[in-house]
Amino acid sequence: INLFSFIVLNVVAINTLCQTTPISGIINSYAAVNAIAINGCQTTITVNTTAGFLTGDTVMIIQMKGASIDSTSATSTFGNVSSLNAAGKYELFAIANITGLQISFNGTLNNSYDINGLVQMVKIPVYNNANVIAPLTCAPWNGQTGGILSFFVKDTLTLNADIDVNGKGFRGGNISNNP
């Protein structure tokens, strides 16, 4: 009986690990970060929503804006990036605790973030195996959140449909028709 139980449990465990998750549409959750506090070895961020986030979820903290550009020169360097500052910097964490609109992580940030640079938290789903069964996309950038599609697949990713984030990312400036 023990050998039979062992075999049945192993078959169930292997079958569960080999399951393929069908994915499509928007698979990430997004929240604007309003504050970041570091207390010892724990980081706590205050967000505008915790909808779609659970303890144990893998999340990305990313700053969307903040680069400095040459906006005063009347030369060919006008518009050139003079410093990225923290724009584009990101880190991954596992959520340790959620209390109200505060989300805590074990560990401290490696980067400094400027909340005025539109920092957001993005849930990163983790799959053992995944199959894209219909177009996969992200929420469009709305000025505070969105514009990012990110996920982890531990074993096999099957693409039976497109991944399309065209026009969903961080918006650029308006086009000028002046010559």
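The values are calculated or read from the model by the stated rules, or taken from the named source; none is laboratory data. What you see is a predicted model; the values in this text were computed from it and never measured. Methodologically, a virtual Cβ is constructed for each residue, glycine included, from the backbone with ideal geometry; neighbour enumeration extends over all protein chains shown. Surface accessibility is based on the protein's heavy atoms, side chains included, excluding ligands, DNA and RNA. Shrake-Rupley method; radii C 1.70, N 1.55, O 1.52, S 1.80 Å.
Inspect all residues belonging to segment 75-84 and state whether any of them is under 20 Å from the mean Cα position of the chain (by Cα) and more than 20 Å from Gly169 (Cα to Cα).
Taking every residue of segment 75-84 in turn, none turns out to be under 20 Å from the mean Cα position of the chain (by Cα) and more than 20 Å from Gly169 (Cα to Cα).
What tally of residues in segment 112-143 results from selecting those that are of a type in the set (S, T, N, Q), surrounded by 15 or more Cβ atoms within 10 Å (Cβ to Cβ) and modelled with pLDDT under 95?
Count: 0.
Condition first: in a strand (DSSP E or B) and not hydroxyl-bearing (Ser, Thr, Tyr). Can you find one or more residues in segment 159-168 that meet it? Give the steps one after another, and end with the answer.
Looking only at segment 159-168, we keep the residues that are in a strand (DSSP E or B), and these are 159, 163.
From what is left, the residues that are not hydroxyl-bearing (Ser, Thr, Tyr) are 159, 163.
Yes, there is a match, as at least one residue in segment 159-168 is in a strand (DSSP E or B) and not hydroxyl-bearing (Ser, Thr, Tyr).
Could you figure out which of (1) modelled with pLDDT under 95; (2) farther than 16 Å from Gly117 by Cβ; (3) among the hydrophobic types (A, V, I, L, M, F, W, C) isn't true of Met64?
Single failed check for Met64: (2).
Looking at segment 14-78, what strands (runs of 3 or more DSSP E) fall wholly within it and have at least 2 residues that are open to solvent by 30 Å² or more (accessible area, probe 1.4 Å) and within 20 Å of Pro125 (Cβ to Cβ)? So that I can check it myself, show each step before the final result.
Values: elements: 20-26, 30-39, 42-47, 58-63.
In segment 14-78, the matching strands (runs of 3 or more DSSP E) lie at 20-26.
Being modelled with pLDDT under 95, basic (Lys, Arg) and within 17 Å of the chain's Cα centre (by Cα) is the requirement here; does Lys168 meet it?
Numbers: modelled with pLDDT under 95: yes; basic (Lys, Arg): yes; within 17 Å of the chain's Cα centre (by Cα): yes.
Yes.
Output yes when any residue across segment 88-107 is over 26 Å from Ser71 (Cβ atoms), outside any strand (DSSP E or B) and modelled with pLDDT under 95, and no when none is. Walk me through how you get there before you give the answer.
Residues of segment 88-107 that are over 26 Å from Ser71 (Cβ atoms), as a first pass: 91-107.
When the remaining residues are screened for being outside any strand (DSSP E or B), the result is 100-101, 107.
Retained after the next criterion (residues that are modelled with pLDDT under 95): 107.
Within segment 88-107, one or more residues are over 26 Å from Ser71 (Cβ atoms), outside any strand (DSSP E or B) and modelled with pLDDT under 95.
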